[in-house]
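See below for the structure under consideration.
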Amino acid sequence: MIKLQSQALLPTSYGDFIISTFSDSYEDPIPLVVLSKEVFEEQIPYVRLHSECLTGEVFGSKKCDCGSQLQRALEMISKKGGHLLYLRQEGRGIGLINKIKAYALQDKGMNTLEANLHLGFKGDEREYSSAVAVLSLLNITKVNLITNNPLKLDYLTNAGIDIVKRIPLIIPALPQNKDYLDIKRDLMGHLI
């Protein structure tokens with residue numbers, strides 16, 4: 001049963017947030033993390049379900065748009081109020097080791113989707129039940145969802161969360177990630 005494990009103030013370059021950790025165990029080394037900015041009672045919170053991307057967020061990889069999406073979402077939530085749920089499902093849920101294996105296959109000419117399939121995974125292995133559980137704990141039933149991913153829209157809607165508005169995260173393509181963004185749009189249905 002997922003529950004709040006810890007909470008504190010977190011000043012960032014995007015503004016001051018409350019950082020909270022959620023897990024079924026206080027010993028969990030990789031809990032779901034939520035950054036929250038005050039939402040007034042009459043407001044619909046801006047919410048981003050963001051999956052961890054070590055290469056893009058920490059090392060500044062230009063293979064993806066994850067780091068830029070995270071930054072843009074934090075800026076938006078800081079101004080509008082809401083929650084960023086940081087989900088610990090690296091590499092669309094295949095983990096860091098397999099993500100790097102997929103990178104190696106991409107270096108040999110496969111696209112991101114082909115690489116995941118070649119490794120025996122679905123194109124996207126992520127799931128959002130823990131995010132829905134946290135939204136429930138936060139008493140959130142309506143959201144302005146910051147996403148390009150139709151799977152997130154479907155998952156939250158099917159879980160009974162009312163998506164009042166979808167806010168796209170359009171990140172300009174770089175030469176290094178143009179093909180990646182094209183695959184997300186053309187083969188994975190992302191709303192880019």
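The values are calculated or read from the model by the stated rules, or taken from the named source; none is laboratory data. No experiment lies behind these values; they were computed from the predicted model shown. We place every Cβ from the backbone using ideal geometry, glycine too, and count neighbours over all the protein chains shown. Protein only, heavy atoms only, side chains kept; ligands, DNA and RNA dropped before computing areas. Shrake-Rupley method; radii C 1.70, N 1.55, O 1.52, S 1.80 Å.
Within the bounds of the stretch 29-49, is there any residue that is in contact with an Asp or Glu (Cβ under 8 Å, 6 or more places away or on another chain), within 25 Å of ILE97 (Cα to Cα) and at pLDDT 95 or above? Checking the stretch 29-49: not a single residue is in contact with an Asp or Glu (Cβ under 8 Å, 6 or more places away or on another chain), within 25 Å of ILE97 (Cα to Cα) and at pLDDT 95 or above. Across the stretch 76-132, the number of residues qualifying as open to solvent by 40 Å² or more (accessible area, probe 1.4 Å), in a loop (DSSP other than H, G, I, E, B) and at negative phi comes to 9.
One residue stands out among those in the stretch 59-75 that are of a type outside the set (Gly, Ala, Ser) and more than 14 Å from the chain's Cα centre (by Cα): the one that is nearest to LYS37 (Cα to Cα), which is GLU75. Figure legend. Inter-residue proximity from the stretch 17-32: first residues under 16 Å from HIS83 (Cβ atoms), second residues assigned to a loop (DSSP other than H, G, I, E, B), beta-carbon distance below 7 Å, spacing 6+ or different chains. Indicated pairs: THR21/PRO31; PHE22/ILE2; PHE22/PRO31; LEU32/ARG88. For the stretch 25-70, a residue qualifies if it is among the polar types (S, T, N, Q) and either buried (at least 21 other Cβ atoms within 10 Å of the Cβ) or farther than 16 Å from VAL134 by Cα (or both), and the qualifying residues are GLN43, SER51, THR55, SER61, SER68, GLN69. On inspection, GLN89 passes the criterion of being touching a Lys or Arg at 6+ places or on another chain (Cβ under 9 Å) and within 20 Å of LEU145 (Cβ to Cβ).
Residue count for the stretch 155-174 satisfying the condition of being over 20 Å from ALA131 (Cβ atoms) and modelled with pLDDT of 70 or more: 4. Here is the figure for the stretch 25-62: residues that are assigned to a strand (DSSP E or B) and β-branched (Val, Ile, Thr) total 3.
Rundown of residues vs (1) over 22 Å from PRO172 (Cβ atoms); (2) touching a residue at least 60 places away in the same chain (Cβ under 8 Å), yes/no style:
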residue	(1), (2)
LYS62	no, yes
ASP65	no, yes
GLN69	no, yes
MET76	no, yes
GLY82	yes, yes
GLY95	yes, no
LYS101	yes, no
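Of the residues making up the stretch 11-46, those that are in contact with a Gly (Cβ under 7 Å, 6 or more places away or on another chain) and among the small types (Gly, Ala, Ser) number 0.
Scanning the stretch 133-145 for residues that are assigned to a helix (DSSP H, G or I) and either within 20 Å of PRO168 (Cα to Cα) or in contact (Cβ under 8 Å) with a residue 40 or more places away in the chain (or both) gives ALA133, VAL134, LEU135, LEU137.
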